[in-house]
Each structure stands twice: as structure tokens, then as C-alpha cells.
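Participant: Let me give you the structure first, and then I'll get to my questions.
The values are calculated or read from the model by the stated rules, or taken from the named source; none is laboratory data. Please read these numbers as outputs of a predicted model, since none were measured by experiment. Heads up, the Cβs are rebuilt from the backbone with ideal geometry, glycines too, and the neighbour counts pull from every protein chain shown.
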Amino acid sequence: MTPEKPRVVILGAGFGGLTAAKAMAKTAHVTLVDRHNFQTFLPLLYQVSTAGLAADHVAHPVRGALRKTGVAFRMGSPLSIDHASKTLHLDSGEALGFDHLVVALGSTTADFGVPGVREFAFGMKSVHEAITIRAEVMRRFEDLCRAQDGAILSISVVGGGPTGVEMAGAFAELVQGPLKNDQAEAASRIDVYIIEAGPRLLPTFSESISARTKKDLEKLGVKVRVNTPVAAIDATEIQIKNGESIPSQVTIWAAGVQGEPAAGKLNLPLTGSRIDVEQSLQVKALPYIWAIGDIAGIKGKDGSFLPMVAPVAMQQGRFIAKQIERLIQHKPLLPFKYLDKGSMATIGRNKAVVEVKNFRLVGVLAWYAWLFLHLFYLLGGRNKIGTIADWTWNYLTFDRGNRHVMDSV
């Protein structure tokens, strides 16, 4: 006799949650829950903030992604879990019964207790934040265009990881290209900084890649500051722990992320900011609840937490579908093992770095590899076509047509 399909509720429609929903669509009754009705393609969010892409090119409707899968969708946020009845309560007033609950809530910006980050720095975790950054930069550029006092605009990116490197390079190209063409004198008074607490950029890459990245950014005009831990941030400058300060009217915080706080509100066991899980991805002491992606506190072979990146979440999404299927078939569960397929970052036009174990690629070929991979994983044909159109226009004309001030002000 065919076993009855279990009820699976998945919290979060990011890379992990959406992958898991599609993977178990045929073996379970799946309901996917997210506070938004769209998925944000986070790896390209920085291009929205630097006027390289239109905001709607990095967002895709969740219902569109789930079409013809049989997966149900509910827009809402979790309020509580009733463990006795295995019921999830949402802020919409709906109560969802489940046999398995998969928590894939993702991450949020981590300020590491640095004063002023919440008040004066911009995060990079949502379309709204990206549009706000773009609007702030363009509004201050307009201020520069009418200023007669030789004022300087300093844009600082705190954090030398892939996101920080990509954003700093994109800002430098925005200044040296479109803004210079718009008003050269004003553009000449814009400084772009990247600030890293450690000794080198891209610390998870090889030292040679880090050195190449620093050199390429400096060629673009970026002021690179390493060994520069931030002590505090205010509206006009960044205080460094050695007592120095760096002028900064626009500060983007790309120094790290932490597990989404909603997991703690659900009274799930935590390790640090992540949910404490077994190697099977089951939450400790709660075998009917699972955690995947940035929110899952699972460690790799080196004893450290797995990185908060899309490949980890997607692999875990596919893995957890197989785990639940094994339970249906009364088979023992397996431990999750992450297969690291390498890392990459783009620095600017024709400049990128790719590293897969001992294989390293830099320059134009790495840049093409970066373009192809991001287009491949971008959801929606319309988004792919729109992104290709924007990239082609930007490349051929050295222009960026998304220089709009469209925030809530």
C-alpha cells in the first residue's frame, strides 16, 4: 500500500526553501510560507543599489516559481509553533498543520555590536534597502552638482568579502562612467572606500586572488583599507579602532550576516544566531522540525559553521527532500555533507575571480563564467532577458539607465 503523503510546511522562500519545496512536491503535501510574495536574487542585489539593474529584475513571484508543482503558498510570517498539535500559527490568522516543518528563514545583517550600524549604515538584504542605497547616492550626487564649496562625497563599503568587493567595484564604475558623463566635476569629488578588518580582501580565497582583487579595485579608483577594524559609525564618518576616522556620508555594511531572529522568537534551540541542528538537519530534540540554509547551525569538516551562501542552502534543500522521503520509506537518515563547488566574485568590467579548490581563474574568462552562472540561477525568463538587456546596454554604452531616486521620500 502506498504510504500517505506527509504534510510539510516550509518557512522561507529563499534559495533553500524554494529548492526544498520543488524537490518534495511529488512526495509530500507542501505549503511554502514567506512574508513576501516574491523571491529576491540576493547575489545581484548590489547591482540594483549601484544602478546596474532594475529592481524588478532581481525579484520573481513565488507563485510563478511554483506553478504546476502542486505546492501551496501562503504570504505571512510565523508567530508560534504548537508542538502538541504540530500547528504553525501565522500573523495572517491562519493555522497550518504539519507533519514536518522546515525552517529556511535565511539571515539578516549582523552589526557585531558596532555602535551606529543600525542607525547610520545601510544593509544589503532586501530590494528596499538596495533602492534606498541607490536613491541616497544619486540624491547626494545631485547635491554635489550644485555645490560651490568643493564638497567631497565619500561612499564606504564595510566588509571585504565577495559582496563588499562587488559593491565597491560597481560604485567605482558608476562614478567613473555614468556619473562622470553626467557631471564630470561633481563625479571627480566622489571617493569610494572599501574597509576590511582583516589583513586582506576576500579572506576565504587564496592570497594571490586577494592581492589581484586589491590591485584591480585600486585601478578602478577604490581606496582600499585593510587591517582597519571599525569602532563606530555616525552620519558623516567611520571611527576606526586605532583612533583614526574615515569620512563617509554613505556607509554600506557588508561585514557579515547572522541567522534571522524569527527563529529565536519561535523558541527553537539556537547555537549562536543559528538553529541548533543534528547532522541530519533535524532540529535538536525536535525531530519533526528541520532547518536549512543560513539559519541552520551545521558545521563542516573543519569544525566551523558552513558559509551563509546560496549553494549551501540549495544543496540542503534537495537533501532534506530525500531525508523526508527516507523517513516515509522507513530508511535511516543520513548526515549532510556539503560539496564546495568553489567561489567567485566580480570586480568590474571584464574583471572577476573564480576559485575551485586549487583551480584559479581571473580576468575576462572568470567574468564570463560569473555572468553565465548568475544568469543560469536567476529565476524567470523575463528577469533573464531584462538582465541581459541591462548588462548589454551598460557594457556597450558605459551607461547605467537605472539612476533613479525612487525611495519613499
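Participant: Residues ALA84, ALA72, ALA55, ALA51: which one is among the small types (Gly, Ala, Ser), assigned by TED's automatic domain parsing to the domain that holds ASP34 and touching a strand residue (DSSP E or B) at 6+ places or on another chain (Cβ under 7 Å)?
Facilitator: So the residue among ALA84, ALA72, ALA55, ALA51 that is among the small types (Gly, Ala, Ser), assigned by TED's automatic domain parsing to the domain that holds ASP34 and touching a strand residue (DSSP E or B) at 6+ places or on another chain (Cβ under 7 Å) is ALA72.
Participant: Something else about it: Does SER304 count as hydroxyl-bearing (Ser, Thr, Tyr), exposed (fewer than 15 other Cβ atoms within 10 Å of the Cβ) and not assigned by TED's automatic domain parsing to the domain that holds LYS86?
Facilitator: So SER304 does not fit the description; no.
Participant: Tell me, please, whether a residue that is under 25 Å from GLN316 (Cβ atoms), polar (S, T, N, Q) and either part of a helix (DSSP H, G or I) or in contact with a strand residue (DSSP E or B) (Cβ under 7 Å, 6 or more places away or on another chain) (or both) can be found in segment 132-142.
Facilitator: No: zero hits.
Participant: Pick from segment 163-189 the residues that are touching a helix residue (DSSP H, G or I) at 6+ places or on another chain (Cβ under 7 Å) and outside any helix (DSSP H, G or I): which of them is farthest from TRP253 (Cα to Cα)?
Facilitator: Once the filter is applied, the top-ranked residue is GLN183.
Participant: While we're looking at this one, here's another question. Yes or no: segment 348-368 includes at least one residue that is in contact with an Asp or Glu (Cβ under 6 Å, 6 or more places away or on another chain) and of a type in the set (Gly, Ala, Ser).
Facilitator: Yes, segment 348-368 has at least one match.
Participant: Does any residue of segment 180-196 turn out to be within 22 Å of the chain's Cα centre (by Cα) and either within 30 Å of TYR288 (Cβ to Cβ) or surrounded by fewer than 19 Cβ atoms within 10 Å (Cβ to Cβ) (or both)?
Facilitator: No, segment 180-196 contains no residue that is within 22 Å of the chain's Cα centre (by Cα) and either within 30 Å of TYR288 (Cβ to Cβ) or surrounded by fewer than 19 Cβ atoms within 10 Å (Cβ to Cβ) (or both).
Participant: Given PHE372, PHE336, PHE359, which one is hydrophobic (A, V, I, L, M, F, W, C), within 24 Å of the chain's Cα centre (by Cα), loosely packed, with under 14 Cβ neighbours inside 10 Å and outside the structural domain of GLU166 (by TED's automatic domain parsing)?
Facilitator: PHE372
Participant: Can you find a residue in segment 260-283 that is more than 20 Å from the chain's Cα centre (by Cα), in the same structural domain as SER156 (by TED's automatic domain parsing) and assigned to a helix (DSSP H, G or I)?
Facilitator: No, there is no match, as no residue in segment 260-283 is more than 20 Å from the chain's Cα centre (by Cα), in the same structural domain as SER156 (by TED's automatic domain parsing) and assigned to a helix (DSSP H, G or I).
Participant: Still on this structure, I have one more. Under 8 Å by Cβ, and 6 or more places apart or on different chains, what pairs join a residue from segment 100-127 that is of a type in the set (Val, Ile, Thr) and at pLDDT below 95 with one that is assigned to a loop (DSSP other than H, G, I, E, B) and buried (at least 21 other Cβ atoms within 10 Å of the Cβ)?
Facilitator: THR108/GLU260; THR109/MET124
Participant: Condition test on VAL137, is it touching a Phe, Trp or Tyr at 6+ places or on another chain (Cβ under 6 Å) and surrounded by 23 or more Cβ atoms within 10 Å (Cβ to Cβ)?
Facilitator: Spelling it out, it is not the case that VAL137 is touching a Phe, Trp or Tyr at 6+ places or on another chain (Cβ under 6 Å) and surrounded by 23 or more Cβ atoms within 10 Å (Cβ to Cβ).
Participant: Residue pairs, Cβ under 9 Å, 6 or more apart or interchain, first in segment 335-351 and in contact (Cβ under 8 Å) with a residue 40 or more places away in the chain and among the polar types (S, T, N, Q), second surrounded by 14 or more Cβ atoms within 10 Å (Cβ to Cβ) and assigned to a loop (DSSP other than H, G, I, E, B). List them.
Facilitator: Hits for this filter: SER343/LEU202; SER343/PHE205; SER343/PRO307; SER343/VAL309.
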